[in-house]
Amino acid sequence: MDLRPLLKKHFGYDDFRPLQEEVITYCASGHDSLVLMPTGGGKSLCFQLPALQFDGLTIVISPLIALMKDQVDALQANGIAAAYLNSTLPFPEVARIEKMAQEGKLKLLYLAPERLANSSVRQFLKTLNISLFAVDEAHCISEWGHDFRPDYRNLDLLRSQFPGIPMIALTATANPRVRDDIVAHLRLGSGKIFQSSFNRSNLTYRVVPKKKAFEQLLKELRSRPDESAIIYCFSRNGTEKVADDLKANGINAAAYHAGLAPKERSRVQEKFIRDEIPVIAATIAFGMGIDKPDVRLVVHMDLPKSVEGYYQETGRAGRDGLPSECLFFYSTGDRIKHEYFIRGMDDLDERQRVRVQLQEMMRYAELKTCRRAFLLRYFGETWSEEKCSACDVCVPRATVAVKEKAIESSFDQDLFEELRALRRRLSASRHIPPYMIFGDKTLQEMARQFPQSRESLIGISGVGREKLSQYGGAFVDVIRSYAQPKGIKEKLTGAVLRPRPVRAPSKTILETIKLFEAKRSLESVARERKISVVTVLDHLEEAVDGGRTLDVSHLSIPPEDRMERMRDTFRENGTYMLAPAKARLGDAYSYDELRFGRFLLKVQARLNV
Ligand code: ADP
Ligand code: ZN
C-alpha cells in the first residue's frame, strides 16, 4: 500500500525520510519494533502515521512535559485528534480528556511514565480501545544511558497487563548496551530493530582554534541574522558573559542555565521557540526539552566533556534537514577546567571513565582526518568514504560555507523574509511556535516556486490538508502581492503537473481503459459503453491521475501551438480547473478542446514529456 497520500494529507510531506516507510508499514501491521534514529531522523512520524491507520487509540509515553505539549500542539495543528495527560493539568481537564479517550474521539494520547505507577490510571487504560503503545526516548529505561528515569521501569506493567497490544520504542541513542536493555525491559524480542545511519548529512562540522573566539562568533552570528543559534559554554558564568557581550554588540541573545529561576528558564526557552530571541548562550542543560527544527548553528565555546555529549548537542542543529553548522572553538588549555572537576570525584572508576571520554574528545578536536568519519566510527558505524565534503578537514573553511549556501539560496530571499514575517504574525495570534505553522524548508520552497493559488500551494512539501485550510489563503495572498507586480509566474514544475501516486482504477474505469487501449477512438468507446465522450475522458483522466500511463498515439492531437497555449494557461492558473482556463483564453478555445487538452497534458506529464 502506498502510504504517501496519507503522509501528504495529514503531514503535508511528499516523501519519507530513510527507514520511515519500512517502520510504519511494519508497525501498522501489528508488530513490535525498536527504532534507532539520530535526532532529526523523523522518529515521531514512525508512530504517528500508524496511529492514524489503526482503529483504536495510540498511547504515547514521553518523559518531558514540554516535549509532550509540543508534539500534541504540532499534531493538532495538522488537524489530528491528540491530547496529553500529565501532572500540570487541572482535574476537570483530565476528566474531559479521559472522557474523549473513552468515547474514541482521540487518535493519540500522551502520558508521562509516572502515571503508570498509579493503578487507577491502569484501570482507566483498560477501559480504552488501545491499538498501539509508543515509547518515545526509550533509552530512559536503561541505566547505561545518559538519561535514566526510574519511572520508565513502570512500562513493564504495560507489557504484563496489556499483552497482545503492539509496542514501538524509539530512541536517538545508538549505544548497543542501551539497545539491549530496551529490548529486554520492554520484551521486544520477537519484534524487529530498525537502525538508520547516524550520519547527519546536512550538518557541517568545524573546529577552529580558540583565538579571538568572541570576534569570530560575532562575525558568524552577523552573517546569519535572525537565524536560531545555540552557544554552549562550560560554566554558568560563561553563558552570562557571552550573552551580555552579544547584547552589547547588538545581538538579541539570552543566557540559560540551571541556576536561573524556573520561571526565567521557561521564559527564555519559550522566546527561543517563538523566534523572539534567536541566540541562546547555554550550559548543556538547554536543549533537552526542545524540538525546534530550525536551529542553524550550534557553537561550543569550550571543550565538551565527551564525544557522546558533543554529538547530542550538535545534533540539535538542523532537524529539518536544511544545511546547518556546528562550530567548536578549541584550546588545549580548556582541559584544565575539566581536570578540576575530575579531581573532585570520589569514585576512582568514574574518574578514569570521565578522563577517557575527555581524551577521546580531544582526539576529535585534533583530528587530521574526516571528523564525520570519526564520529560515525565512534558510534560503531562504518563509513566507507574517505572525505565527507562537509567538515573543515575535508573542505577548508571558506569553501564549506560558500554550505552549500549557494545551492540553498536559489529561492527568493525577500519573499522568504515576507513569508517568515507572516508566519510570525500568525504564530503570535494562534499561540503556537512559528515552525508549527510551516517549517523553513516549506517557506523556502514557496519562495522558489511562487505558488499563487491554493491548488498549487498544496503541491509544496509541508503543506497538508489542515494547514492549507488554516493558512493557505494568507500565504497565497502574500505570494501574489509580491509576485504579481513583478510579473513573476509560478514555477511549478511539480505540484500542478506532477502525476499523483499510483492508485488502482475502479471496475467501470477499467472497462473504458480496455477499449481505449485497443486503439479505439473516444467516440467509439463512448458508443460501445453507452456513455458520453466527456465521461470517457473523465474515466481516462482519472486513470492517468491514478498513475496509469496511456498510449494516445491513435488520437488526433491539437496543433502544438494550441497545446502550448493551454499548458501555459493551466500552469499560470496553478490549477487544472477548466473555468479559470476558459476565462483566460476566451472564445478561441471551447470547453471540449480544453478538456481534451488537459487530458493530453496529464498523459504527457505522466510520461515526463
Ligand atoms: P526526531 O524525533 O527523530 O528528532 P522528529 O520526529 O522531531 O525527529 O522530526 C524532525 C523534523 O523533521 C520535524 O520538523 C519533522 O516535522 C520533520 N520530518 C519528519 N519526517 C519528515 C518527512 N518525511 N519529510 C519532511 N520532513 C519530515
Ligand atoms: Zn569530513
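Looking at 259, 287, can you tell me which residue is surrounded by fewer than 21 Cβ atoms within 10 Å (Cβ to Cβ) and out of contact with any Gly (no Cβ under 7 Å at 6 or more places or on another chain)?
Values: 287 fails: surrounded by fewer than 21 Cβ atoms within 10 Å (Cβ to Cβ).
Result of the check over 259, 287: 259.
Among residues belonging to the stretch 360-393 that are among the polar types (S, T, N, Q) and within 9 Å of ligand 2 (Cβ to nearest atom), point out the one that is farthest from residue 205 (Cα to Cα).
Quick first cut of the stretch 360-393, residues among the polar types (S, T, N, Q) only: 369, 382, 384, 389.
Still in the list and also within 9 Å of ligand 2 (Cβ to nearest atom): 369, 389.
On the way: 369: 12, 389: 10 Å.
Filtering first and then ranking leaves 369.
How many residues does the stretch 456-470 hold that are within 20 Å of the chain's Cα centre (by Cα) and away from ligand 1 (no atom under 16 Å from the Cβ)?
Taking the stretch 456-470 as the starting set, the residues that turn out to be within 20 Å of the chain's Cα centre (by Cα) are 457-468, 470.
Keeping just the survivors that are away from ligand 1 (no atom under 16 Å from the Cβ) gives 457, 468, 470.
Final tally of qualifying residues: 3.
Please specify each residue of the stretch 13-64 satisfying the condition of being in contact with a Lys or Arg (Cβ under 8 Å, 6 or more places away or on another chain), of a type in the set (Val, Ile, Thr) and farther than 25 Å from residue 314 by Cβ.
Across the stretch 13-64, the qualifying residue is only 58.
Can you tell me which residues in the stretch 377-393 are exposed (fewer than 14 other Cβ atoms within 10 Å of the Cβ) and not in a loop (DSSP other than H, G, I, E, B)? So that I can check it myself, show each step before the final result.
Just the residues of the stretch 377-393 that are exposed (fewer than 14 other Cβ atoms within 10 Å of the Cβ), to begin with: 377, 380, 382, 384-387.
377 - this is the single residue of the stretch 377-393 that is exposed (fewer than 14 other Cβ atoms within 10 Å of the Cβ) and not in a loop (DSSP other than H, G, I, E, B).
Of all residues in the stretch 78-111 being surrounded by fewer than 19 Cβ atoms within 10 Å (Cβ to Cβ) and small (Gly, Ala, Ser), which is modelled with the lowest pLDDT?
The qualifying residue modelled with the lowest pLDDT is 87.
State which residue is farthest from ligand 2 (Cβ to nearest atom) when the search covers only the stretch 290-345 and only residues that are basic (Lys, Arg) and either modelled with pLDDT under 95 or under 26 Å from residue 175 (Cβ atoms) (or both).
Here the answer is 343.
Taking the options 119, 131, name whichever one is polar (S, T, N, Q), crowded, with 18+ Cβ neighbours inside 10 Å and within 29 Å of residue 191 (Cα to Cα).
Result of the check over 119, 131: 131.
Identify the single condition in (1) modelled with pLDDT of 95 or more; (2) within 29 Å of residue 147 (Cα to Cα); (3) more than 16 Å from ligand 1 (Cβ to nearest atom) that residue 415 does not satisfy, given that it satisfies every other one.
(2)
When the stretch 272-305 is examined, which residues are found to be under 29 Å from residue 212 (Cβ atoms) and part of a helix (DSSP H, G or I)?
272
Checking residue 83 against (1) within 26 Å of residue 148 (Cβ to Cβ); (2) small (Gly, Ala, Ser); (3) more than 13 Å from ligand 1 (Cβ to nearest atom), only one condition comes out false. Which one?
Going through the list (1) within 26 Å of residue 148 (Cβ to Cβ); (2) small (Gly, Ala, Ser); (3) more than 13 Å from ligand 1 (Cβ to nearest atom), residue 83 breaks only (1).
Here are some conditions: (1) surrounded by 21 or more Cβ atoms within 10 Å (Cβ to Cβ); (2) near ligand 1 (Cβ under 9 Å from one of its atoms); (3) at pLDDT below 95; (4) not hydroxyl-bearing (Ser, Thr, Tyr). Residue 17 meets all but one. Which one does it not meet?
Unmet for residue 17, out of (1) surrounded by 21 or more Cβ atoms within 10 Å (Cβ to Cβ); (2) near ligand 1 (Cβ under 9 Å from one of its atoms); (3) at pLDDT below 95; (4) not hydroxyl-bearing (Ser, Thr, Tyr): (1).
Could you check how many residues of the stretch 424-443 are assigned to a loop (DSSP other than H, G, I, E, B) and either within 12 Å of residue 73 (Cα to Cα) or touching a helix residue (DSSP H, G or I) at 6+ places or on another chain (Cβ under 9 Å) (or both)?
Of the residues in the stretch 424-443, 5 are assigned to a loop (DSSP other than H, G, I, E, B) and either within 12 Å of residue 73 (Cα to Cα) or touching a helix residue (DSSP H, G or I) at 6+ places or on another chain (Cβ under 9 Å) (or both).
Would you check if there is a residue in the stretch 388-403 being modelled with pLDDT under 95 and within 30 Å of residue 467 (Cβ to Cβ)?
The answer is yes; a qualifying residue exists.
What residue, among those in the stretch 368-394 that are over 15 Å from residue 38 (Cα atoms) and of a type in the set (Ser, Thr, Tyr), is farthest from ligand 1 (Cβ to nearest atom)?
Going through the qualifying residues, I end up with 369.
If residue 407 satisfies every condition in (1) within 16 Å of ligand 2 (Cβ to nearest atom); (2) modelled with pLDDT under 90; (3) of a type outside the set (Asp, Glu) but one, which is the exception?
Going through (1) within 16 Å of ligand 2 (Cβ to nearest atom); (2) modelled with pLDDT under 90; (3) of a type outside the set (Asp, Glu) one by one, residue 407 breaks only (1).
Do we have residue 437 as at pLDDT 95 or above and within 14 Å of ligand 1 (Cβ to nearest atom) here?
Answer is yes for this residue.
Do you know which residues across the stretch 474-494 are open to solvent by less than 30 Å² (accessible area, probe 1.4 Å) and either closer than 15 Å to residue 437 by Cβ or aliphatic (A, V, I, L, M) (or both)?
475, 476, 478, 479, 483, 492, listed by residue number.
Yes/no per residue for (1) within 22 Å of residue 491 (Cβ to Cβ); (2) crowded, with 19+ Cβ neighbours inside 10 Å; (3) touching a helix residue (DSSP H, G or I) at 6+ places or on another chain (Cβ under 6 Å); (4) of a type in the set (A, V, I, L, M, F, W, C):
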| site | (1), (2), (3), (4) |
| --- | --- |
| 521 | no, no, no, no |
| 531 | no, no, no, yes |
| 536 | no, yes, yes, yes |
| 546 | no, no, no, no |
| 559 | no, no, no, no |
| 581 | yes, yes, yes, yes |
| 599 | no, yes, yes, yes |
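Quick one: which residue in 345, 362 is away from ligand 1 (no atom under 16 Å from the Cβ), assigned to a loop (DSSP other than H, G, I, E, B) and more than 25 Å from residue 221 (Cβ to Cβ)?
None of the others qualify; the one that does is 345.
The values are calculated or read from the model by the stated rules, or taken from the named source; none is laboratory data. Keep in mind that what you see is a predicted model, and the values were worked out from it rather than measured. As a convention, Cβ positions derive from the backbone with ideal geometry for all residues, glycine included, and neighbour counts pool all protein chains shown. Protein only, heavy atoms only, side chains kept; ligands, DNA and RNA dropped before computing areas. Shrake-Rupley method; radii C 1.70, N 1.55, O 1.52, S 1.80 Å.
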